[in-house]
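Encoded as structure tokens, the structure appears first; notes follow it.
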Amino acid sequence: MHMHTHMPMPMPMPMNDMPQQSGLPEWALLALATWFVAGACFYLYRLIFAKEVRAVYGYWDIENELGHGVCMVAMVTMLAPMLLPVPAVVWAGILGAGAVWFFVRALTWGRKLPYNKWWWDWAHVGMLAGMAIMFAGISFPVITIAAGAFWLWFSGYYAYETFHDAGSGKPLHIGSDLAHLSMGVMMLAMTVAPGLFMGHMAM
């Protein structure tokens, strides 16, 4: 006669509570996160010193400065949550709200701003929405393909802008180009090879 003991089945852990192992070493993720801390400081400077920004560009757009700064800070959490342990759901909400803001702006008051090119606000929609989707953990083939195409275009455009502005001697232009390029390349890498960055999901 065999005795059958009924062992309780282990309950699955929520994804964000599961220990994740990154393909990249922790020092590399920390180095990348530190780079985006520098990017956040750059946009904080642009946010505070409006006069200096206006002297270079001829305008100062607080919505742009805030939007870019938020993206830089969010990248820190995405790469190294131990440095900035903000829950993924919080970032998804903040970035999603930013995407909605720029979506409305692209259709309304943004079109009336004399310095604003028609596609800039739409690029910001894609930038903020793409990051929100990643923090939300939404992954469907069509979304992944669309995100990959967007980040590829984004990276390529700002690679050109970085090359174009490299000899200009204008730190605000070059800093902006490098911040955009860094974010585009990093998000493209996370989209096509998420296994390298799985540590950013362990929040």
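Among the residues of region 105-131, count how many are under 13 Å from MET190 (Cα atoms) and either of a type in the set (A, V, I, L, M, F, W, C) or not in a helix (DSSP H, G or I) (or both).
Looking only at that region, the number is 1.
Consider only pairs whose beta carbons are under 8 Å apart and that are at least six residues apart or on different chains; among these, list those whose first residue lies in region 58-86 and is within 22 Å of ARG105 (Cβ to Cβ) and surrounded by 18 or more Cβ atoms within 10 Å (Cβ to Cβ) and whose second residue is modelled with pLDDT of 95 or more and acidic (Asp, Glu).
none
Within region 33-92, which residues are more than 22 Å from GLY130 (Cβ to Cβ) and in contact with a Leu (Cβ under 6 Å, 6 or more places away or on another chain)?
VAL56
Here is a list: SER155, SER139. Which entry is modelled with pLDDT under 95, over 18 Å from TRP60 (Cα atoms) and out of contact with any strand residue (DSSP E or B) (no Cβ under 9 Å at 6 or more places or on another chain)?
Working: SER155 fails: modelled with pLDDT under 95.
Unique residue meeting the criteria: SER139.
Would you please name the residue that is nearest to SER182 (Cα to Cα), looking only at residues in region 140-159 that are out of contact with any Asp or Glu (no Cβ under 8 Å at 6 or more places or on another chain) and either buried (at least 19 other Cβ atoms within 10 Å of the Cβ) or in contact (Cβ under 8 Å) with a residue 60 or more places away in the chain (or both)?
The selected residue is SER155.
For ASP121, are the conditions met, namely being at pLDDT 95 or above, under 15 Å from GLU63 (Cα atoms) and charged (D, E, K, R)? Walk me through it before giving the result.
Numbers: at pLDDT 95 or above: yes; under 15 Å from GLU63 (Cα atoms): yes; charged (D, E, K, R): yes.
Here the answer is yes, as ASP121 does meet what is asked.
Among the candidates GLY184, GLY195, single out the residue that is part of a helix (DSSP H, G or I), under 20 Å from ALA33 (Cα atoms) and at pLDDT below 95. It would help to see each step written out before you state the result.
Values: GLY184 fails: at pLDDT below 95.
Of the residues listed, the single one that is part of a helix (DSSP H, G or I), under 20 Å from ALA33 (Cα atoms) and at pLDDT below 95 is GLY195.
The values are calculated or read from the model by the stated rules, or taken from the named source; none is laboratory data. Just so it is clear, the structure is predicted and the values come from calculations on it, not from any experiment. Neighbour counts are summed over all protein chains in view; Cβ atoms, including those assigned to glycine, are modelled from backbone coordinates with ideal geometry.
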